[in-house]
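Scroll down for the structure; my scribbles are underneath it.
We did not get these values from a lab; they are worked out from the coordinates using the rules stated. If you're wondering where the values come from, they're calculated on a predicted model, not measured in any experiment. Heads up, the Cβs are rebuilt from the backbone with ideal geometry, glycines too, and the neighbour counts pull from every protein chain shown.
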2 protein chains.
Amino acid sequence: MDEAVNLAAKLSTFDETWSPRTVAEFNGHDVMVVKVEGEFKWHSHPDTDDFFLVLYGEIDIQLRDQVVSLKAGEMFIVPKGVEHCPFARKEAHLLLIEPTGTPNTGDTATAADRKTI
Amino acid sequence: MDEAVNLAAKLSTFDETWSPRTVAEFNGHDVMVVKVEGEFKWHSHPDTDDFFLVLYGEIDIQLRDQVVSLKAGEMFIVPKGVEHCPFARKEAHLLLIEPTGTPNTGDTATAADRKTI
């Protein structure tokens, strides 16, 4: 990769929600953009922290004992093993970083769906 | 960490340039914000890719054979071992991610300067 990655331009190339697209690779991690709306599902990642940075809109990251509300320009790391469930009242756009091959949900089938754009 | 990290708020707490502040930890990496202005110095990281996301302003990442220009909302990964020299004509704000303890410049003295805010 030898050019700038414009995150908004990458996000403009697809409409699906909860379907992360890889835009760069970094130290064995996928850097991804994703559109979200509504509620995802409760899950945890036993072996990796989960990186969320809101690029557009607002999301709530529901944890079992609290809710972390994030708006554009705000980030949160869900520590490994901690159950969480993202929720977006309206469409929001996120930057995610996870080790390459990490399933979204703990279900390994979803990792294979990741596309690079 | 159990609250949102507002990147602009973190950046508002200091004025020094080229002095990254750690705002979160992720899978053995420091997630940092930094203010930059002017030219840094040519360096490379033999063991880590170098993650740049522009939050405010514009920077040029000079490589030996090209210049990658980035504005807010754009990112670039400098692959490990690749010499680079960031340059900002005016003040710019960046999100950086590097393995914990990675020196800014290849000079291990600089890693010890990192503060968590």
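Please work out the FRET efficiency for the pair residue A:19 and residue B:71, using the Cβ-Cβ distance as r and a Förster radius of 22 Å; give the result to the nearest 0.05.
Numbers: r = 27 Å, r/R0 = 1.21.
Taking R0 as 22 Å, the efficiency between residue A:19 and residue B:71 is 0.25.
List the distances, in nm and shortest first, from the label point of residue A:72 to the matching label points in every other copy, placing each point 7 Å from Cα along the Cα-to-Cβ direction.
0.9
Under 30 Å between alpha carbons, and skipping anything fewer than 8 positions from residue B:71 in its own chain: which lysines qualify?
A:10, A:35, A:71, A:90, A:115, B:10, B:35, B:41, B:80, B:90, B:115
For chain B, the longest stretch holding no GluC sites (Glu not before Pro) located in a DSSP loop with at most 16 other Cβ atoms within 10 Å is which?
Segment B:17-82 is the longest.
Excluding residue A:42 itself, what net charge comes from residues whose Cβ is under 11 Å from its Cβ, given Lys and Arg +1 and Asp and Glu -1?
Summing Lys/Arg as +1 and Asp/Glu as -1 gives 0.
Only bridges whose two residues both fall in chain B count here: according to DSSP, what percent of them are antiparallel, nearest 5?
So the antiparallel bridges amount to about 90 percent of the total.
Quick check on the range A:7-99: take the gyration tensor over C-alpha atoms, sort the square-rooted eigenvalues as a ≥ b ≥ c, and tell me if it's rounded (a/c under 1.5), prolate or oblate. Could you put the intermediate results ahead of the total?
Working: a/c = 1.77, a/b = 1.14, b/c = 1.55.
Oblate, since a/c reaches 1.5 and b/c is not below a/b.
Find every distance from the label point of residue A:91 to the corresponding label point in the other copies (7 Å from Cα along Cα→Cβ) and write them in nm, one decimal, shortest first.
Label point to label point, same position, other copies: 3.5 nm.
For the modelled label position 7 Å from the Cα of residue A:90 along Cα-to-Cβ, which residues of the range A:70-84 have backbone nitrogen atoms closer than 20 Å?
Counting only backbone N, you get A:70-75.
So what is the relative contact order for chain B, in percent, with contacts set as C-alpha pairs under 8 Å and at least six apart?
The normalised contact order for chain B reaches 31 percent.
Can you give me the Cα centroid spacing of the range A:34-75 and the range B:56-102 in angstrom?
For the range A:34-75 versus the range B:56-102, the Cα centre distance is 27 Å.
In nm to one decimal, list the spacings between the residue A:28 label point and its equivalents in the other copies, with label points set 7 Å along Cα to Cβ, shortest first.
Label-point separations across copies, in nm and ascending: 0.5.
Helix-only mean residue ellipticity at 222 nm, chain B, DSSP H runs n ≥ 4 weighted -39,500 (n - 2.57), per residue, nearest 500. What is it?
It comes out at -1500 deg cm²/dmol, rounded to the nearest 500.
Could you tell me which trypsin sites (Lys or Arg not before Pro) in the range B:50-81 are loop residues by DSSP with no more than 11 other beta carbons within 10 angstrom of their beta carbon?
For trypsin sites (Lys or Arg not before Pro) across the range B:50-81 that sit outside H, G, I, E and B with at most 11 neighbouring Cβ atoms in 10 Å, the list reads B:64.
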